[in-house]
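Read the structure below first, then the notes.
The values are calculated or read from the model by the stated rules, or taken from the named source; none is laboratory data. Computed from a predicted structure; not experimentally measured. FYI the Cβ positions are ideal-geometry reconstructions off the backbone, even for glycines, and counts take in every protein chain you see. Ligands, DNA and RNA are stripped out before the accessible areas are found, and what is left, the full protein with its side chains, is counted by its heavy atoms. Shrake-Rupley method; radii C 1.70, N 1.55, O 1.52, S 1.80 Å.
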Amino acid sequence: MTVAAYTLAVVLNLFCLFLGYRFLFQPAPSAAGYGVPADPGGDAGAYLTIKGLRDGTFGLVGLALLAFAGARAEAWFMLGVALVPLGDTLIVLRHGGTKAVAFGIHFATAVVVLITAGLLFAV
């Protein structure tokens, strides 16, 4: 179980870094993949940059906690971070995104993060 917990935690944190990078350097396709495309006529650049910075920071902090503070600190961090994809689920639903994206991507991510937190607590 220890290997699974650490592997899931590292993969999730690396995925956050990837998402952050993608939102910073490929904002329009990233927004479409998120489930709520950026308005091509509007100025959504700042918000997409904020999302990229947020996601990248979560990845870095998660990896640092895992490396320097241990599984229990990472578990608490992931428990709190699970609120983000839950919120993303609601954002997609409220702003015209599909239920498939809201639940298949964002809600599913929250579930995986919560499972990972549970595994880390058990280590």
Every residue from the stretch 44-71 that is more than 17 Å from residue 29 (Cα to Cα) and not in a helix (DSSP H, G or I)
69, 70
Among the candidates 32, 69, single out the residue that is without any contact (Cβ under 8 Å) to a residue 12 or more places away in the chain, open to solvent by 40 Å² or more (accessible area, probe 1.4 Å) and either under 11 Å from the mean Cα position of the chain (by Cα) or over 30 Å from residue 96 (Cα atoms) (or both).
69
Residues that are open to solvent by 50 Å² or more (accessible area, probe 1.4 Å), part of a helix (DSSP H, G or I) and either aliphatic (A, V, I, L, M) or in contact with a Gly (Cβ under 6 Å, 6 or more places away or on another chain) (or both), drawn from the stretch 111-123
111, 112, 114, 115, 122
Selection within the stretch 87-105 - open to solvent by 60 Å² or more (accessible area, probe 1.4 Å) and assigned to a helix (DSSP H, G or I):
90, 91, 93, 94, 99, 100, 103, 105
Which members of the stretch 72-86 meet the condition of being buried (at least 18 other Cβ atoms within 10 Å of the Cβ) and either touching a strand residue (DSSP E or B) at 6+ places or on another chain (Cβ under 8 Å) or small (Gly, Ala, Ser) (or both)?
75, 82
With criteria (1) small (Gly, Ala, Ser); (2) open to solvent by 20 Å² or more (accessible area, probe 1.4 Å); (3) more than 15 Å from the chain's Cα centre (by Cα); (4) more than 15 Å from residue 31 (Cα to Cα), residue 108 comes up short on (3)
Looking at the stretch 39-56, which of its residues are within 15 Å of the chain's Cα centre (by Cα) and without any contact (Cβ under 8 Å) to a residue 40 or more places away in the chain?
48, 49, 50, 51, 52, 53, 54, 55
